[in-house]
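One structure is given below, encoded as structure tokens.
The values are calculated or read from the model by the stated rules, or taken from the named source; none is laboratory data. Predicted, not measured: the structure shown is a model, and the values here were computed from it. Cβ: placed from backbone, ideal geometry, glycine included. Neighbour counts: every protein chain shown.
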Amino acid sequence: MTPPAQRQGAAAPTVARLAGFANHGHCPTASLAFVEGYDLDRVLQGTVYGDPFGQSQFMFERGRMFERLVKQDAGDGHCRYGPLLELLRDRLGFDTPEARIVNLRQELGSDMEARARRTRLLLHEMAEGREGFANIIDGAVLQATVAGHPANYETDGLAFRLGGSLRVIEVKSFAVVDGKADPTALAAALDQGALYIHLVQLALEAEGLDPGLVSEDLVLITPRNVGLSPTLHEHGVTARIERIRRLLEAVPNATPGPSNGSGTARFAAVTRGHGRNAEQRIDAALSICDDIGNAYGPACQGCGLYRLCRDRAFRLGSPELAGERVARELVGVASLDRAAELARGDLPTPMEAPAAAALRRTADLHEEALTRGLP
Amino acid sequence: MSLSTLLSVRAHERGRAQRSALCCHRLLRPDPFLVCLFGLGAEPFSAAAIGWGRDERRLEVAVAGDPRERRLLFPALEELAEDFLPYFEGPFESVEEVTGPQGGNRHLEVNELPQILVPNRETLLLLGLIGRRVRYLPTDGPTPASEELIRLGAHLDFLRRHAALPGQQLVVIASDLVADHWQTSLNEWEALSLPALDAFVEPPAGVHGHDASAEADREPLGPRPDAEQDKAAAPLIKALNEGRAKSVERDVVEPLLAPLERHYRPKLERAAEISWRSLRREAGYPSARHAARREQEDREAYAWHMNMVSEGLRRRSRLTQAQAIRRVGDLERAGQRVVAQEAVDDPLRMVEVLLSEQAVLGTVTSVDPTHKVGRKSRPLVEVSLGRPTMLEQGETVHWDRLPDKDWEVAAVHPDAIELVLLNPRAKPLPEVDSIACFTTLSVEDEHFLGTPSRTPPWTHVGSSEPEQPSSIEEAEAA
Amino acid sequence: MNVEAIAAAEKVAGEAREDVRSRLAEGGGVVVEAIAGGGKSTFVVDTVDELADDARLVVAAPTNEQVYALVRAIADKRPGLPLHYVPSKTAELPFPVPPGVVVCRPASESRGYRILVATLHKVADAFARNDLEEADLLLIDEAFQANSGIYYQVAEIAPAHLLVGDAGQIDPFSTAPGAAELRGLAEDPIRTSVEVLLENHPETPRHRLPITRRLDARAVPPARSFYSSDHEFEAAVPAGVRNLEFATRLQHDSRQRELDGILRSAASSGWAHIELPAAPALPSDPELVELAADLVATALASNMHATVECERHGRRALGPDRIAVGASHREQVRALRRAMAERGIEGVNVDTANRLQGLEFDLVFALHPLAGLPKADTFHLESGRLCVLTTRHRQACIVLGRASDRGLLDGLPPSGEAYLGRDDEPLLEGWETHQRFFEALAPHRIQIAA
């Protein structure tokens, strides 16, 4: 979880922001914001392009309620883990009558450093199978350096030892109905689990332990059907771990050239404050797009700059505005407006010629269809 | 290139959506049953507010209060059921058992069909999940569910499944209806939004469709609220819960619902208004020829479903392997057929087919009704195309005016084609000098395998067969 | 010839046939996996030959073309062997009916058959109508392209099954977007027949033929990209046995010299990866299409005297029927066919990867699935498509694309969707396959101007 009142310009690369970067990493502007530590979801708040931020509190409550239920949290952070242990026993044969569970949240609270140290220690014990090692760590904290920022990742899932391997558990509150989960929500959960598995691998490696001890099958716990009774699925995420590995490798390289030499963050001019009005902030954002480029497309949904970039695409008449198919079919044509001229018969440049010929043929058939009319 | 790309270009240039069909490819009833919903957060099986009606001037609204409490949610659903059930089940009263041609399959037939109008796919999906939730509820035990609630659930679940069949007309999804008949410069994702589409089709005077749709899209139409909408609802729900002090009695709860109704009613009314407007706009266009013909499958599916429900049979919550095979086959055939039907019904639709060279268009240069191949009568036409064709000798094609008759490509010339009619008695023939269009797409059902045996073969046994239909309420009930 | 590889493959084939024999008595399935050109048809035909006298066989495959090839291969191996061919409604053998082959139209004319050959669809249909008698063994060729649904409908025809196929080719798919609602569920009929059989009967013996007969040693390294590293295989034919030759000719036109050079280079190394300048392009990239058509025209030009020679045939002229041009989209195929027609080229096989599955040629031109794309997506990354396009050849494969294609894989693959019950990640796995393949092609890369 992100500590409250995160200062703009130093937003830690949280899991959510990493996922955002993964989705928008092909865009120089979005990458710059990530590297400079600006949260794109908030940077345009208070302008016409700012979207209502955050998730519905009811969604949040549902998630918290389910996690409490799985961990049998009495409401004071003290957990008895009954439903969790039952699932692990029934589905994964985890049959340790006196499982030792270490609750780092309870023990060390929000001291992330201490939790990270303790996590490393416990992993050691687990990996080496020392007497009385922890079977389950709740609230483990894993550390990594991302884009130059040291970052703590708190597993809302847990690691435990089972059949010789460490397992990573993710608890998610989306429902599995008749064996099916929402494909997008599931993918996001798997990506998050893959990140944790990768971080555990790194942690083990850093401690001189065998990273192969971590299973690449994620343990996913979700509510089944309409109620909140938990169910367990195992899901292989090897390919997603590889993607995460690439992602973490790519982040430091994402620093685009022109802006960073000066030492001041360009996105500073987009944020609220210092008497900047909305118009000036929007202009600042647009000039970043103009200078270093953006990559507007359907994947931009969900990026905090989406509305801004969409309007920019509209003013420029970019074919990307109308979706991937249109952009693909208008290759070589600079804008939708130019395409309209070509469809009317304007002389194309050599680069425009292939798309122009197709546009004219389509326009002819369109005309012909209107003339023919309904049978 | 596709026609949709050209029309997107023009929509951008002209600031308005462009028509992508000359007619309306769905059979629209004058007074369908509209349902719209607002949920709470991402709660997957409930609705905070439900709007419905068959008259665009009047929207019935029921709010649950706190939809996470099933004893509050179910009465709201029962209010919907009170109007929905007579409408949806009415046509089944006239059911008859009919024997197919040549003593074929006996099946049930109805004269009339219901039609359900929803604003968007998300609404249908949520209705389906609610249906999935309530259709298997126990009618006995400590918390018996009403018969009406269970039937409502069964119908909603059925409609959600049936709506996946391309070309079906029991459910009209307003956003799909608009997107199927208009092209905008919205991208694939944005074009799922009904307010955005509607604003692009009819933007205010002097406003570009792009700006109009961006403005219209600011406020979600449901069923998924955004954080702000829920933020406004949260204190109202809190007040209600404090006021009712855990009571679920109607006389306690009902007086407390007014603030929530005031919160949700305008949102539902907006969804209803745009849905009705979209429906009326399309209904103003002539109806496509095959739209009426496609009703037959809807009739059969409806009668089959109603028969199951009326006999108290429960449908499995998952398909058997045999049903799944049939389901995929049905989806594939319906998809292919509706593309062919729309193309022969509508020259604008045919443009995409011509562009993909699955059709040819040209001037008929000669017609020989007495032409023979061997001793068989095979009327011959020659069509001048003005360009080469990809069709090959021996291929079967169909004339768009008489699409269930077969022609065979007899000869291919550099810019013309000769065709012979394989059903020699079919009338009329194309006329000399007229423009004619022939396509390889077929409006007939492709030959398909019969129903797979219900007992799985030895190779397919062992994989978990779907569970028996069961309540999915178990956790809550417990 | 690679004697060891051949012996190893024969050993596996022998063991597989032993398993089949024991299944004939007890019932149950046997799976034999081969890589592209991995001697599948040889294995199928040998198995039919060996079992023909002892058992009643149904031999089936997904498409008409594959069934034609089976009829021809079995008839070649055992001329005069009674073989009942049940054609689909519109199917017609593209060659004279071989002696011994009985064409059964309608299917009920197959009564009393010993060996019956038909498409899976036809078997399912005729069996459901009681027009086909039961058999001792059902042999499915290209079983990785047969989906669970059609398998369900043919399975009861025999108590013993032999499923032979190539896991590297294109997975079964549905034309209906709505079919995704079943993805990941046990009842999904779009899974492969092999997957269903192995899941329900985990004891099913599984053999892997460790050989490719179509691809020679030069062709193998890039082809390894498509198969899991635990499926080991070698080429039966070492480099230097097969020979594709273009006679030297004087050429003044520089473009023509370049085309000649490409063909010669591919002929000598078995591969060429041609890259046009980096640029996004229309799906039917006119420059790429022109290049493909010019290369085919050059290969067939009478003064090039193109000849092929291999372990089976002595030197002979390279005919158009031994050349294929493969693409990913029908739109590309139409453009390619039009370009061929404009050059007066006839008889060359121009088709989508889908329709080239299971076929074999001497020289193949493959439009790279990623050619000219603005970004890589699941469809174009499917490794099966690339596999089919680049493993159809006996002599050489020329991959055509743009210099920007490789860059599409520099960034981060999108996360895509996920389904419970399905651990495979077609997009992410395809991404890696494509990267490996590009790497393997590096020595054969030739960049040219448009």
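Taking B:Gln336, is it crowded, with 19+ Cβ neighbours inside 10 Å, touching a Ser or Thr at 6+ places or on another chain (Cβ under 9 Å), within 14 Å of chain C (Cβ to nearest Cβ) and not charged (D, E, K, R)? No, not satisfied.
Taking the criterion of being assigned to a loop (DSSP other than H, G, I, E, B) and away from chain A (no Cβ under 14 Å), the residues of segment B:390-402 that qualify are B:Met390, B:Leu391, B:Glu392, B:Gln393, B:Gly394, B:Glu395. Of all the listed residues (B:Ser471, B:Ser384, B:Ser366, B:Ser434), the sole one being within 28 Å of the chain's Cα centre (by Cα), over 30 Å from B:Pro166 (Cβ atoms) and either within 13 Å of chain A (Cβ to nearest Cβ) or modelled with pLDDT of 95 or more (or both) is B:Ser471.
For A:Gly54, the conditions (1) closer than 30 Å to B:Glu215 by Cβ; (2) part of a helix (DSSP H, G or I) are fulfilled apart from (2). Condition (residue is in contact (Cβ under 8 Å) with a residue 40 or more places away in the chain, in contact with a His (Cβ under 9 Å, 6 or more places away or on another chain), assigned to a helix (DSSP H, G or I) and over 25 Å from C:Tyr227 (Cβ atoms)) applied to segment C:20-30: is it met by at least one residue? Yes, segment C:20-30 has at least one match. Against the test of being within 19 Å of C:Ala279 (Cα to Cα), more than 9 Å from chain B (Cβ to nearest Cβ) and of a type outside the set (Val, Ile, Thr), the options A:Ala339, A:Ala334, A:Ala268 yield a single qualifying residue, A:Ala334. Across segment B:107-121, which residue is modelled with the lowest pLDDT among those that are surrounded by 16 or more Cβ atoms within 10 Å (Cβ to Cβ) and assigned to a loop (DSSP other than H, G, I, E, B)? Top of the filtered list is B:Val110. For the residues B:Arg314, B:Arg349, the requirement of being touching a helix residue (DSSP H, G or I) at 6+ places or on another chain (Cβ under 9 Å), of a type outside the set (Phe, Trp, Tyr) and more than 29 Å from B:Glu89 (Cα to Cα) singles out B:Arg349.
Checking each residue in segment A:167-182 for being more than 18 Å from A:Ala16 (Cα to Cα) and either within 8 Å of another protein chain (Cβ to nearest Cβ) or surrounded by fewer than 23 Cβ atoms within 10 Å (Cβ to Cβ) (or both) picks out A:Ala175, A:Val176, A:Val177, A:Asp178, A:Gly179, A:Lys180, A:Ala181, A:Asp182. Of everything in segment A:139-177 that is over 22 Å from the mean Cα position of the chain (by Cα) and at pLDDT below 90, the residue that is farthest from B:Asp157 (Cα to Cα) is A:Gly164. Of everything in segment B:310-326 that is part of a helix (DSSP H, G or I) and surrounded by 20 or more Cβ atoms within 10 Å (Cβ to Cβ), the residue that is farthest from the other protein chains (Cβ to nearest Cβ) is B:Ala322. Note on segment B:181-212: residues that are closer than 19 Å to A:Arg325 by Cβ, assigned to a helix (DSSP H, G or I) and out of contact with any Cys (no Cβ under 9 Å at 6 or more places or on another chain) total 8. Regarding segment C:328-349, can at least one residue be identified that is touching an Asp or Glu at 6+ places or on another chain (Cβ under 7 Å), under 26 Å from C:Arg218 (Cα atoms), modelled with pLDDT of 95 or more and not aromatic (Phe, Trp, Tyr)? The answer is no, given that none of the residues of segment C:328-349 is touching an Asp or Glu at 6+ places or on another chain (Cβ under 7 Å), under 26 Å from C:Arg218 (Cα atoms), modelled with pLDDT of 95 or more and not aromatic (Phe, Trp, Tyr). Among the residues making up segment A:101-132, those that are surrounded by 14 or more Cβ atoms within 10 Å (Cβ to Cβ) and at pLDDT below 85 are A:Met126, A:Ala127. Taken over segment B:403-454, residues that are part of a loop (DSSP other than H, G, I, E, B) and in contact with a helix residue (DSSP H, G or I) (Cβ under 9 Å, 6 or more places away or on another chain) amount to 16. A:Thr29 meets each of the listed conditions (1) assigned to a loop (DSSP other than H, G, I, E, B); (2) at pLDDT 90 or above apart from (1). Among the residues examined, A:Val226 qualifies as closer than 30 Å to B:Phe74 by Cβ, at pLDDT below 95 and out of contact with any Ser or Thr (no Cβ under 6 Å at 6 or more places or on another chain).
Residues in segment C:115-140 that are part of a loop (DSSP other than H, G, I, E, B), touching a strand residue (DSSP E or B) at 6+ places or on another chain (Cβ under 8 Å) and closer than 21 Å to C:Ser22 by Cβ: C:Ala135, C:Asp136. Residue pairs whose Cβ atoms lie under 8 Å apart, sitting 6 or more positions apart in sequence or on different chains, and linking a residue in segment B:228-240 that is modelled with pLDDT under 95 to a partner that is of a type in the set (Lys, Arg), are B:Gln229/B:Lys267.
Out of the residues in segment A:350-375 that are more than 9 Å from every other protein chain (Cβ to nearest Cβ) and over 42 Å from the mean Cα position of the chain (by Cα), state the one that is nearest to B:Glu342 (Cα to Cα). Filtering segment A:350-375 for residues that are more than 9 Å from every other protein chain (Cβ to nearest Cβ) and over 42 Å from the mean Cα position of the chain (by Cα), the one nearest to B:Glu342 (Cα to Cα) comes out as A:Glu367.
The residues of segment C:259-279 that are surrounded by fewer than 17 Cβ atoms within 10 Å (Cβ to Cβ) and assigned to a loop (DSSP other than H, G, I, E, B), listed by number, are C:Pro277, C:Ala278, C:Ala279.
Contact map, segment C:135-158: residues that are in contact (Cβ under 8 Å) with a residue 40 or more places away in the chain paired with residues that are surrounded by fewer than 24 Cβ atoms within 10 Å (Cβ to Cβ) and among the acidic types (Asp, Glu), Cβ distance under 7 Å, separation 6+ or inter-chain. Pairs shown: C:Ile157/C:Glu134; C:Ala158/C:Glu134; C:Ala158/C:Asp136.
Residues of segment B:175-189 being closer than 19 Å to A:Tyr296 by Cβ and either surrounded by fewer than 22 Cβ atoms within 10 Å (Cβ to Cβ) or away from chain A (no Cβ under 11 Å) (or both), which ones?
B:Glu188, B:Trp189
Number of residues in segment A:285-325 that are within 27 Å of A:Arg272 (Cα to Cα), of a type in the set (Asp, Glu) and within 11 Å of chain B (Cβ to nearest Cβ) equals 1. Between C:Val194, C:Val154, the distinction of being in contact with a strand residue (DSSP E or B) (Cβ under 6 Å, 6 or more places away or on another chain) and within 14 Å of chain B (Cβ to nearest Cβ) belongs to C:Val194 only.
Of all residues in segment C:197-214, those being among the charged types (D, E, K, R) and within 7 Å of chain B (Cβ to nearest Cβ) number 1.
Yes/no per residue for (1) at pLDDT 90 or above; (2) more than 19 Å from C:Gln395 (Cβ to Cβ); (3) of a type outside the set (Phe, Trp, Tyr); (4) not in a helix (DSSP H, G or I):
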| site | (1), (2), (3), (4) |
| --- | --- |
| C:Pro238 | yes, no, yes, yes |
| C:Val241 | yes, no, yes, yes |
| C:Ala247 | no, no, yes, yes |
| C:Arg257 | yes, yes, yes, no |
| C:Leu282 | yes, yes, yes, yes |
| C:Leu288 | yes, yes, yes, no |
| C:Leu295 | yes, no, yes, no |
| C:Asp321 | yes, no, yes, no |
